[in-house]
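The values are calculated or read from the model by the stated rules, or taken from the named source; none is laboratory data. Everything numeric here is computed off the predicted structure, so don't read it as measured data. Counting neighbours? That spans all protein chains shown, and the Cβs are built from the backbone with ideal geometry, glycine included. Just so you know, the surface numbers come from the protein's heavy atoms only, side chains and all, with ligands and any DNA or RNA stripped out. Shrake-Rupley method; radii C 1.70, N 1.55, O 1.52, S 1.80 Å.
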Amino acid sequence: MFGLDPTLLFLLFFCLFAACAFEFVNGFHDTANAVATVIYTHSLKPSQAVVWSGFMNFLGLLTGGVGVTMSIIGLLPTELLIDSNVYHSMAMALALLISAILWNLGTWYFGIPASSSHTLIGSIIGIGVGHALLPENSNKGISAINWDKAIEIGQALLLSPIFGFALAIILMYILKKTVKNKDIFKEPKKDTPPPMWIRAILVATCTLVSFFHGRNDGQKGIGLVMVILIAFLPGYFAVNTNLNIPEVKASLVQVQQIVAKIDTIPLSEKEVESYHKVLESSADLKVILVEGVTPANLTTAQKFDIRKAALTINKNAKKLIESESVALSGTDLNALKKATAGKKAPFFSFGSSSSSGMAGVTDFAPAWVMWIVALSLGLGTMVGWKRIVVTIGEKIGKNHLTYAQGASAELIASLTIGLATAYKWPVSTTHVLSSGIAGTMVANRGIKNLQGGTVKNIVMAWILTLPVTIILSAALFVFFRWISG
């Protein structure tokens, strides 16, 4: 099958299983973010809440496209994404999966609302650090890591909980001033459902958080599976399996024509380097995409060359687009952006999903990948919720969660995650929701209304996740590369 020897075939299926396990763990690890309020306020029974949340996670992932997926993959050093040595790629996949799953399980076991996003991103950066530690890369250091992308994602992860905290305080203040029915500000009565209008709001916010969690977090699982498939089966997945050659050629011509207009005199040394890389890679790609070539008759070596050229063009064209020294008209800049990054994906994109333009060469996910990840996330959502629900409902604030606080926090969380997904930023559902809950507690009775111990645990998990997963992933990557030769 696929021309792999039995050992590699076993490792392929093991890695695919581990990726699905990560998404399953992600599901039950983050379930509390969506179902805590509806369960805690008795708006839905636990069985109803987790099944509904699981279904909406499933639906959200299937409609989410691959923008966040490619932001995650873009953190990996380009050399690893075009390495044709399957054992090297296997070391990367195993280190990434094992480190991410271990930290996720550990924090879940202790009932700490830690971030699957932080976990995965830390593991990916760790791969880059491990790659830099290899003897053959000693002269490069950690420059191979895509630090621009890492900083962009880091800012999203840092700012999103702050945004959620502040907006939750504002929303609670508005509710207190405008809502005359004070039942919404009361703590839930034991085993008694809230008034129907409050119940409807809480179920709606649970639905939104679940849906947008699937659209954002679910794409991280897709990214893991695609990394594995590219690693083990480059002949099939190094480039888009439904590559539109005429579209790529048209985008390539547009890139060459627009970049050729750039005056290099005012550019910095690095910008000139990016300019030449775009033109050189464009020329290399044009040689491969001769008349009559189709995805079916491309060799594995050609697919890797296409992948390398497309990644180089997109990465360096983005630097030129963002540079203030590049003197291009707004029309040319927009055309260059469209030719490389592609157009924005539709809100609903069931099944197989990919980008357009040059990005469509590498940014894709087959339908079956999206379905297995969606099923893993949805099924995971239906178990393991009890540990963290208690933390969310009772241990962040000194008072139990009220109806208004639950609805406000989840509304803010769904808004934040939805916006982040639209801009292709991976954010932490856990931290956005937890910070929203904390914001509502502060809005209720001030900063003293927070439970110091719980907040400390959440903050410590937030601080430790990146360094722990980076170190663990780097160590595992170096070890696996050593034993694979």
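What to note about this one:
- Being open to solvent by 50 Å² or more (accessible area, probe 1.4 Å), on the phi < 0 side of the Ramachandran plot, over 29 Å from the mean Cα position of the chain (by Cα) and not basic (Lys, Arg) is a property that VAL290 has.
- Selected residue (only one of ILE471, ILE483, ILE463 is over 22 Å from HIS118 (Cβ atoms), among the aliphatic types (A, V, I, L, M) and at pLDDT 75 or above): ILE483
- Residue within the stretch 231-243 that is over 31 Å from the mean Cα position of the chain (by Cα) and surrounded by 14 or more Cβ atoms within 10 Å (Cβ to Cβ) present: no
- Condition met for ILE121 (of a type in the set (Val, Ile, Thr), surrounded by 15 or more Cβ atoms within 10 Å (Cβ to Cβ) and either within 12 Å of PRO77 (Cα to Cα) or at pLDDT below 70 (or both)): no
- Restricted to the stretch 209-261, and to residues there that are within 22 Å of PRO366 (Cβ to Cβ) and among the polar types (S, T, N, Q), the residue that is modelled with the highest pLDDT is SER251.
- Those residues of the stretch 249-270 which are open to solvent by less than 40 Å² (accessible area, probe 1.4 Å) and within 30 Å of the chain's Cα centre (by Cα), in sequence order: SER251, LEU252, VAL255
- Taken together, the residues in the stretch 104-115 that are closer than 18 Å to LEU377 by Cα and either at pLDDT 85 or above or not in a helix (DSSP H, G or I) (or both) amount to 3.
- ILE262 being in contact (Cβ under 8 Å) with a residue 12 or more places away in the chain and farther than 29 Å from THR300 by Cα: yes
- Taking residues in the stretch 318-340 that are more than 19 Å from LEU252 (Cβ to Cβ), and partners anywhere that are surrounded by fewer than 17 Cβ atoms within 10 Å (Cβ to Cβ) and of a type outside the set (S, T, N, Q), the pairs with Cβ atoms closer than 6 Å and at least 6 places apart or on different chains are SER325/PRO266; ALA327/ASP263.
- Looking only at the stretch 184-229, and only at residues there that are of a type in the set (Lys, Arg) and part of a helix (DSSP H, G or I), the one that is nearest to THR421 (Cα to Cα): ARG215
- Wholly within the stretch 1-101, helices (runs of 4 or more DSSP H) carrying at least 3 residues that are of a type outside the set (Gly, Ala, Ser) and modelled with pLDDT of 80 or more: 6-40, 46-62
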